[in-house]
Each structure stands twice: as C-alpha cells, then as structure tokens.
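Take a look at the structure below.
The values are calculated or read from the model by the stated rules, or taken from the named source; none is laboratory data. Just so it is clear, the model here is predicted, and its values are computed rather than measured. Note: ideal-geometry Cβ built from the backbone for every residue, glycine included; neighbour counts use all protein chains shown.
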Amino acid sequence: MNQKPVSVHAQTPVDLVLGGEGSTSWDIDNIAPGDSGVKIVTLHNAGEKDGAVSIWISDIEEGDYGGDGAVLDDCLLFGIVSNRFNTNIAMPNLIRSYPQNIAAANFIHINRLQAGETVTFAWEWEFPLAGENHNLAQGDSLSFTINYCLEELMSENTPQGIVDQPEVPEQTTQDVEDQPENQEKTTQGTIYHLLDIDILGKVTNVQMDSAGTILQSFAATSPDETCILYFERYTRISGTNGKIPLDRIELTIEEISILLPDNTVLLTPIYRLIGYNTEGEKIHVEFNPAVKLTIHYDAETMPENSFPPYIARYSDEEGVVPLESPAILPVSPSRADALVNSCSLYMVLAEVASAPPPLPVYFTASNLIISSQQAFEGDPVKISVTITNAGSEDGTYELYLIVDGIVRAIQEISLSGKSSETLTFEITNLAAGVHQIKAAGLTETIRIEKVAIDQLGPGVNWMVLDFSVAGVVIIGLLLWLLYLQRERRRVTEIGI
C-alpha cells in the first residue's frame, strides 16, 4: 500500500500460552481519503510448547458522526505484512471480511510459533481516495479488537481447523447432584477442558481441547430421552466472538408465551439452549459444524390434517424461524429433528391445514395404488390416484395426500367435462412401521421395514464363506490343469 509517513511504535508483546488468548485494540478516527498507516503487533509464545496462532476480529464499533449512513468499515482496507501467515483471505480487504470468531470459515493462522519465540508483523490500513461515500465517511470513527489464541499444532494429515488428538476415554454421564467441578485435565502433555452439557437435568461430561474442539462423537440426552443433542467428533464449541473455554451448556424449559404464526400449534414446551462461561455468566454459544437437535412430542396431541411438525427457533428480533430437518432422516410420527448452530429458544410446531375439500359433484376418485405394499426405509414410494370428472362442466379439485393423519402433499387438478387424470405422489422418508395412506376418501396401508445391516440374515460367517468360495475356485483350477496335462499326454501318444 502507498502510505504517508507515520510514526510507528512496537507494541508491548502479547504473551500467549497454549490454550490462552490475548488481544490488541485499535481505534481509528479523524482521517480522510488518501490517509494510511501501520500498526505493529508483537506476539510472544510465553509457554513451554510450540503452538499455532489463530487470529480473528471482534467488537467492531463504528461512529457515524455525520449521520449520513456512510461508515469507515465500508471504506478502509486492511492487510498484514508478514511471511509467517497462512490465510484464505484476499488482502487488503474490509475489516468485516476477516474472521469474526475463532471457528469462522475464513481464517488467519501462524502455523507454528515455537516456545519462547517472538514474531513481529505489521497491520497496514489505507483509506482509498476513490470510492462511494468515502468523502462522507471522513471524520467518522472505527474501533475493533484483534484476538490471538495459541492452539495445539495440527498434524500434516489433519484437515484444516482440526487438531490431531490422542485417544481419550469415553464421555461419562451422571446426575446433576453428583456432578464434579469442571477442571483442566492433562493427557500426554496436552491440556483438556471438561465441559458439562446439561439436558433437562442429565449431565454429560465432554472433553475438549484448548481450541474448544470436542474429541469424539457423542449424544447428550435428557433423562427420558425427550431431547437429544448429537455432536460429531471435531465439532468446535465456542462462546460469543469465538471465546473459549466454556463451563457448561444447558437445555431447560422456558415458561414464556410467544406469538405463533397463523394456523400453527405448539406441540412441546419451549426449550432454551444457553451457555455459561467459567465465571458463571450466561453467554451465547456457537457450534461449528451445526449439531443435530431431536425433540420428541406426543403424537396424540397433534391436530388432524396437520402438515409435518418441525423444530423452530425463536428470538424477539426474528420471531419464529422454521428449521429444516436433515434430509436423510425418516419422518417419524413422534419426533422432529433439526440442525442448530447456536443457542436460542427451540420448540416443535405444526401448521394445521384446512380440512380436505369434498369431491365436487360429478367428480369421483378411484384406484389408490401404492407402488409397493412393502418397502425399506429410504426407498421411494409412489402413490397414485385417478380423479374423474363425469359431468359436462369443467372443474377443479385439491387432492390431499395424508399419511398417518399428516398432510404430506397437496396437488391441484383441473378437469374438463367427461375426462379423468391420474395424479402421482412420491415420498422417500417414511420411518419403519405400518403407515395409513389416505387420498380423496380412499385408504390403503404400507409396511416400511428397517434396512438390515446384513440383508442375508444373521448368522452368516463371512470369513468362512469367503474361504469356502476361494477353496472351490482353487480346486476347480487344479482339476482344469490336470485335464489339460492329460490331454497333452494323450495327443503325444497318438502322434498327432
């Protein structure tokens, strides 16, 4: 970058130890287009082990003194001058293009900072002359915090952002009354933090590394398994702006009333998922990647002709936001699933459809046909119905496909007089069990079977079977070779 002469002073080194964080603040104001400058930062590994440094930005605040809507963070460009960095960000760039937390997809890393080593680098900034609203933004202010965390080194074969870990004991679950205090644990020289995940009173103790990454897959459940949180190995759990470590995460029932969308019913209590830091303060928590939340509900309480229930989150700012269910999961008549990436209020809702309309005069329905009366979970099932208009006038009809009392699809059909048409539906996510199919007053059933791991049935010894097949093949080859040898001998004897 081109820059005017500026006074540059080395800052007091930011001392880091493995699993620890440090930060430097930056305030910029009273500048105009064409100005530029440099901020020198020094990092020092004050610990006894080498580590990798992750860098992210937080606490971005802007001051629009002119009240014209133009702000500095839409104008200033920032870049880092150093050969020690690994990043996927094009520089220079706007400050909001830099990672906003330690688990962000965009990243800035120092791959190795040795124990006792000090590294100095420069943050450069520039206020370009040309740009929309740049003149309006002069005189405004911008402040933010640059955060640094010294993490365990990643092995060469470990994917980006995943820390190579030794094997650790399985997670343990216990009652709240018997819950131990959280503490730092050391395994083979690596520091681990113990995180408590409390689901309606049942606590699962989870080991995390210093970067907030869990070390193995697990499920945290409520005592009656009404609510379940599924975590995949290497999920990173962090607090506001990527802060770690956390002390615990709780899922509790919240006694509040919220405004629901029209024609929507609440099937479960409202649950609050919240985190706490090591000082016992409530904080927002983020999961990367998202974790699966399962909530069970009483199917008997669901109104007739409801659409499939779904998990929704709620906040005063957004209201009710429906969450999509993972596509690979079968629809169960008493369970809803969703992927969640942060703390919020969660609940199961169902939208109630209007009652299926009666067939118009002269309309008839026939031939409710299911492609297979028996299928496996995940298999596509086709359902067809023939609608006939026996009258002389054109007509329209909405055909509801209802599975186990839930409206799974609606198709509208327009028929001229003396005509008929076959409508076809396809569903692929039916859970195992017997399901009742209804359409236009017709009823059929279908049985869905679980997919067995071994479709040949239990008791098959694959090793014995493999050796048996191999033995048959070898014996066959030997017999063939003996036959060829005898044929050659016979040909030689008769002089051919």
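Within region 263-312, being assigned to a loop (DSSP other than H, G, I, E, B) and farther than 21 Å from Thr221 by Cα holds for Asn263, Thr278, Glu279, Gly280, Glu281, Met302, Pro303, Glu304, Asn305, Phe307, Pro308. The one condition from (1) part of a loop (DSSP other than H, G, I, E, B); (2) under 30 Å from Arg236 (Cα atoms); (3) of a type in the set (Phe, Trp, Tyr) that Trp123 does not meet is (1).
Within region 296-335, track down each residue that is within 21 Å of Glu255 (Cβ to Cβ), surrounded by 13 or more Cβ atoms within 10 Å (Cβ to Cβ) and either at pLDDT below 85 or not basic (Lys, Arg) (or both). Answer for region 296-335, where residues must be within 21 Å of Glu255 (Cβ to Cβ), surrounded by 13 or more Cβ atoms within 10 Å (Cβ to Cβ) and either at pLDDT below 85 or not basic (Lys, Arg) (or both): His296, Tyr297, Ile311, Ala312, Tyr314, Gly319, Val320.
In region 227-258, of all residues being part of a loop (DSSP other than H, G, I, E, B) and at pLDDT below 90, the one that is surrounded by the fewest Cβ atoms within 10 Å (Cβ to Cβ) corresponds to Arg233.
When region 101-142 is examined, which residues are found to be more than 19 Å from Thr24 (Cα to Cα), touching a helix residue (DSSP H, G or I) at 6+ places or on another chain (Cβ under 6 Å) and not hydrophobic (A, V, I, L, M, F, W, C)? Result: Asp140, single match.
Would you mind stating whether Leu267 is crowded, with 21+ Cβ neighbours inside 10 Å, farther than 27 Å from Ile57 by Cβ and touching a Pro at 6+ places or on another chain (Cβ under 8 Å)? Spell out the reasoning first.
Details: crowded, with 21+ Cβ neighbours inside 10 Å: yes; farther than 27 Å from Ile57 by Cβ: yes; touching a Pro at 6+ places or on another chain (Cβ under 8 Å): yes.
Answer is yes for this residue.
Taken together, the criteria exclude Glu412 from residues that are among the acidic types (Asp, Glu) and either within 30 Å of Ile228 (Cα to Cα) or in contact with a Gly (Cβ under 9 Å, 6 or more places away or on another chain) (or both). Under 29 Å from Ser342 (Cβ atoms) and without any contact (Cβ under 8 Å) to a residue 12 or more places away in the chain: is that true of Ala103 in this structure? Spelling it out, it is not the case that Ala103 is under 29 Å from Ser342 (Cβ atoms) and without any contact (Cβ under 8 Å) to a residue 12 or more places away in the chain. The residue that is farthest from the chain's Cα centre (by Cα), counting only those in region 66-81 that are part of a loop (DSSP other than H, G, I, E, B) and either without any contact (Cβ under 8 Å) to a residue 12 or more places away in the chain or surrounded by 13 or more Cβ atoms within 10 Å (Cβ to Cβ) (or both), is Gly66.
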